[in-house]
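Have a look at the structure below, then the notes.
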Amino acid sequence: MKTFLVTGAANGIGRAVVLALAEQGDLALLNDLGDSPALAALVTHLQAAGVETRVVLGDVSAPETARNAFSGLERLDVLVNNAGILNEAPITEMTFEQWDQMIRVHLYGSFLFAQQAARLMTRQGSGAIVNIASDLGQLGCANLCHYSAAKGGIIAFTKALARELAAHGVRVNAVAPGGTLTPMVERLGPDYIREESARYPLQRLGTAEEIAATVAFLASAQASFTTGQVLGVNGGGVMNG
Ligand code: NAD
């Protein structure tokens, strides 16, 4: 039986990751902030496909959310730390609350879920953790100092955790998407999407399914010799090591 847990599962990249992992999984644990028609539709779809599904609602940055998700869980094969938020502010205008929330959702959320996963996976002697970073964590982005710092932190966290857990048979990798057509980006409007697309050598944004395919690869046995890596799925937007 293959058990997987995806945070921020209701929409965008998280939803596509759930659908990709469901092809190899029997038990899906889905986290998102609250109930939504999108989450309900995903649960119905998985159950119809014969995948047992459990929903754990709550903010990933709150310790009780990860505790609830792992309560009574005896095995976890794959954790995908995906939940994320985006809001712009120049550094001169950025509020403490904006900075604080950005770091909490991405870094505290990834830490809290990875810690619980590590306790199970080290006991099992196997498992894969995939953290969703961003090309902006590699390049940095004006007016997104908080987001860039959070995603850069996720990249460093991934490498440190990969070194710590490797001897226990647990692999930890990151996927760093470039701009991807999801509700997070769609709500910024068509002008933004056109300008963003021009930034990438492939001259377009990615799809959630393209990101999910790389996550599924890293989570699978095909990536059994891959740990501590940051795989860019970014239309060529980042080409250095
Ligand atoms: P999205 O807004 O379309 O979906 C994010 C999901 O996460 C939503 O269902 C939302 O309810 C949930 N979520 C938000 N905050 C949460 C919290 N505190 N606790 C639990 N769930 C929460 O976003 P997306 O584009 O699918 O982004 C997914 C991940 O990919 C994020 O980490 C994002 O930073 C990253 N990413 C996105 C892009 C992009 O261009 N879309 C690029 C690089 C990285």
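The values are calculated or read from the model by the stated rules, or taken from the named source; none is laboratory data. Note that the structure is predicted; figures quoted are calculated from it, not measured. Quick reminder, even Gly has a Cβ in these numbers, built from the backbone with ideal geometry, and neighbours come from all protein chains shown.
Take the conditions more than 22 Å from Ala208 (Cα to Cα) and in contact with a helix residue (DSSP H, G or I) (Cβ under 8 Å, 6 or more places away or on another chain) and apply them to Ala83. Does it pass?
No, not satisfied.
Quick check on segment 1-18: of everything there that is surrounded by fewer than 20 Cβ atoms within 10 Å (Cβ to Cβ) and more than 8 Å from the ligand (Cβ to nearest atom), which residue is nearest to Phe113 (Cα to Cα)?
Step one: list which residues in segment 1-18 are surrounded by fewer than 20 Cβ atoms within 10 Å (Cβ to Cβ), which gives 1-2, 11.
Right, trim to more than 8 Å from the ligand (Cβ to nearest atom) and you get 1-2.
Working: Met1: 21, Lys2: 18 Å.
The residue in question is Lys2.
Just give me the residues in segment 174-218 being closer than 16 Å to Gly84 by Cβ, more than 8 Å from the ligand (Cβ to nearest atom) and either of a type in the set (S, T, N, Q) or in contact (Cβ under 8 Å) with a residue 12 or more places away in the chain (or both), in sequence order.
Ala174, Val175, Ala212, Val215
When segment 108-133 is examined, which residues are found to be over 17 Å from Ala9 (Cα atoms) and either acidic (Asp, Glu) or within 14 Å of the ligand (Cβ to nearest atom) (or both)?
Once the filter is applied, which keeps residues that are over 17 Å from Ala9 (Cα atoms) and either acidic (Asp, Glu) or within 14 Å of the ligand (Cβ to nearest atom) (or both), segment 108-133 yields Tyr108, Phe111.
Under 8 Å by Cβ, and 6 or more places apart or on different chains, what pairs join a residue from segment 24-36 that is farther than 18 Å from Leu218 by Cα and touching a residue at least 40 places away in the same chain (Cβ under 8 Å) with one that is basic (Lys, Arg) and more than 7 Å from the ligand (Cβ to nearest atom)?
Pairs that qualify, where the first residue is farther than 18 Å from Leu218 by Cα and touching a residue at least 40 places away in the same chain (Cβ under 8 Å) and the partner is basic (Lys, Arg) and more than 7 Å from the ligand (Cβ to nearest atom), are Leu29/Arg54.
For segment 189-222, how many residues meet the condition of being in contact with a strand residue (DSSP E or B) (Cβ under 7 Å, 6 or more places away or on another chain) and either acidic (Asp, Glu) or not in a loop (DSSP other than H, G, I, E, B) (or both)? Don't jump to the end; show me each part of the working.
Start the filter on segment 189-222 by keeping residues that are in contact with a strand residue (DSSP E or B) (Cβ under 7 Å, 6 or more places away or on another chain), which leaves 205-208, 210-211, 214-215, 218-219.
Cutting the leftovers down to either acidic (Asp, Glu) or not in a loop (DSSP other than H, G, I, E, B) (or both) gives us 206-208, 210-211, 214-215, 218-219.
Residues that pass the stated criteria total 9.
For the structure I just gave you, tell me whether Leu73 is in contact (Cβ under 8 Å) with a residue 60 or more places away in the chain and more than 16 Å from the ligand (Cβ to nearest atom).
Numbers: in contact (Cβ under 8 Å) with a residue 60 or more places away in the chain: yes; more than 16 Å from the ligand (Cβ to nearest atom): yes.
Yes, satisfied.
Which condition from (1) touching a residue at least 60 places away in the same chain (Cβ under 8 Å); (2) within 13 Å of the ligand (Cβ to nearest atom) is the one that Arg163 breaks?
Only one criterion is unmet by Arg163, namely (2).
Give the residue that is farthest from the ligand (Cβ to nearest atom), with candidates limited to residues of segment 21-50 that are outside any strand (DSSP E or B), touching a helix residue (DSSP H, G or I) at 6+ places or on another chain (Cβ under 7 Å) and within 19 Å of Gly127 (Cβ to Cβ).
Only one residue tops the list, namely Ala22.
Quick check: is even one residue across segment 143-160 within 16 Å of Leu5 (Cβ to Cβ) and modelled with pLDDT of 95 or more?
Taking segment 143-160 first, the residues within 16 Å of Leu5 (Cβ to Cβ) are none.
No, the conditions are met nowhere in segment 143-160.
For Gly127, are the conditions met, namely being more than 15 Å from Val233 (Cβ to Cβ), surrounded by 21 or more Cβ atoms within 10 Å (Cβ to Cβ), touching a helix residue (DSSP H, G or I) at 6+ places or on another chain (Cβ under 7 Å) and small (Gly, Ala, Ser)? Step through it out loud before you land on a result.
Details: more than 15 Å from Val233 (Cβ to Cβ): yes; surrounded by 21 or more Cβ atoms within 10 Å (Cβ to Cβ): yes; touching a helix residue (DSSP H, G or I) at 6+ places or on another chain (Cβ under 7 Å): yes; small (Gly, Ala, Ser): yes.
Yes.
Residues Glu209, Glu196: which one is of a type outside the set (Ser, Thr, Tyr) and over 20 Å from the mean Cα position of the chain (by Cα)? So that I can check it myself, show each step before the final result.
Values: Glu209 fails: over 20 Å from the mean Cα position of the chain (by Cα).
Result of the check over Glu209, Glu196: Glu196.
Inspect all residues belonging to segment 85-105 and state whether any of them is touching a Gly at 6+ places or on another chain (Cβ under 6 Å) and closer than 26 Å to Ala16 by Cβ. Don't jump to the end; show me each part of the working.
Residues of segment 85-105 that are touching a Gly at 6+ places or on another chain (Cβ under 6 Å), as a first pass: none.
Taking every residue of segment 85-105 in turn, none turns out to be touching a Gly at 6+ places or on another chain (Cβ under 6 Å) and closer than 26 Å to Ala16 by Cβ.
Checking Ser126 against (1) out of contact with any Ser or Thr (no Cβ under 9 Å at 6 or more places or on another chain); (2) more than 21 Å from Ser220 (Cα to Cα), only one condition comes out false. Which one?
Answer for Ser126: the failing condition is (2).
Looking only at segment 93-106, count how many residues are touching a helix residue (DSSP H, G or I) at 6+ places or on another chain (Cβ under 7 Å) and away from the ligand (no atom under 11 Å from the Cβ).
Step one: filter segment 93-106 for residues touching a helix residue (DSSP H, G or I) at 6+ places or on another chain (Cβ under 7 Å), giving 94, 98-99, 102-103, 106.
Checking the rest, the ones that are also away from the ligand (no atom under 11 Å from the Cβ) come to 94, 98-99, 103.
Result for segment 93-106: 4.
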